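Below is one structure, written out as structure tokens; the observations come after it.
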Amino acid sequence: MSVAQYKDSFAFNAAVNEFYIDSARKENHTKPAAAMQYSTAGQSRDITLTSPLKSAENSANEEALKKLRDYKINNCTKCGLSKERNLIVFGEGDADSDLMFIGEAPGADEDKTGRPFIGKAGQLLTKIIESINLKREDVYIANIIKCRPPGNRNPEQNEIENCSPFLREQIDIIKPKIICTLGKFSTMFIFNEINNAAAGGDNIEFEKIGSHRGKIYNYKNIKVIPTFHPSYLLRNPSAKKDVWEDMKLIRVLLSEYI
Ligand code: URA
């Protein structure tokens, strides 16, 4: 399907209606300009929107993630969050996906079910994923912190330090082509990783998501696209238009891997 065909398609319009126009109309934004005209090389080009994702048949990656979950994370008591958690929220999705979303930490719904992003913010994330014609099962979704911080407070530094080796392993196993960091904490985590790995002293300083979204960062040859956290969008629906732009960018980058 060409960009033009996709733009006219039911799936595209339905997704845009669901995710963007709903709130944009209320706030008097105009419909996003013809989508899918991005190019990282300075020229716009058509993209083919067949599935950009690798086929995953009970892959080695799935096995490796299962081992990580069953043997390393499941009984973790490395920090105080383990005392209050109900369930560990490991992450879920296609272990071979080219696209990974990284959030912050589980909330109450996630803690009860052991699944990431299934509360209100999660339902919005699902719509965001669907807005670029993907399904939730096509991508991998994880958090930096695997156990719920009480009262949904921000994760503390020692919790991030204790828990982030698990995320690092998840990324190393899945080897996505693109990571979309949702909000401040996952973006800061990736920036730290980039800074620590940089031989030449690269130093990306985190300012605020608004200063980093729309840009592409490179982490171990993975393209990193920071964007707003869905919880922020629930409080600030006008930022949905920016996330929509970021999703279009992701969609175009994915098309380069088809
Ligand atoms: N917010 C997150 O960052 N992660 C979840 O799993 C749910 C809400």
Pairs over 30 Å Cα to Cα, from Lys83/Lys240; Lys146/Lys220; Lys177/Lys208; Lys83/Lys208; Lys67/Lys177; Lys66/Lys240, come to Lys83/Lys240; Lys83/Lys208; Lys66/Lys240
Restricting to aspartates and glutamates and to Cα separations under 17 Å from Lys72, and discarding same-chain partners fewer than 8 apart, the set is Glu62, Glu63, Glu92, Glu159, Glu161, Glu169, Asp172
Taking only the Cα positions of segment 219-258, the convex hull volume per residue in Å³ is 65 Å³
In this structure, the FRET efficiency calculated for Glu205 and Asn152 from their beta-carbon separation, with R0 = 35 Å, to the nearest 0.05, is 0.85
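Stretch Gln123-Cys76 to full length: gain in nm at 0.36 nm per residue minus the Cα-Cα span?
Values: separation 47, 0.36 × 47 = 16.92 nm, distance 2.79 nm.
So the chain would gain 14.1 nm between Gln123 and Cys76.
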Whole-Å distance linking the alpha carbon centroid of segment 123-158 with that of segment 198-258 is 15 Å
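For a Förster distance of 41 Å, can you work out the FRET efficiency between the beta-carbons of Glu256 and Lys83, rounded to the nearest 0.05? Numbers along the way, then the final one.
Numbers: r = 45 Å, r/R0 = 1.10.
In this case the efficiency is close to 0.35.
Any read-out appearing in this document is the output of simple, stated calculations on the displayed coordinates, not a laboratory observation. Since the structure is predicted, the reported quantities are computational estimates derived from the model, not experimental observations. Quick reminder, even Gly has a Cβ in these numbers, built from the backbone with ideal geometry, and neighbours come from all protein chains shown.
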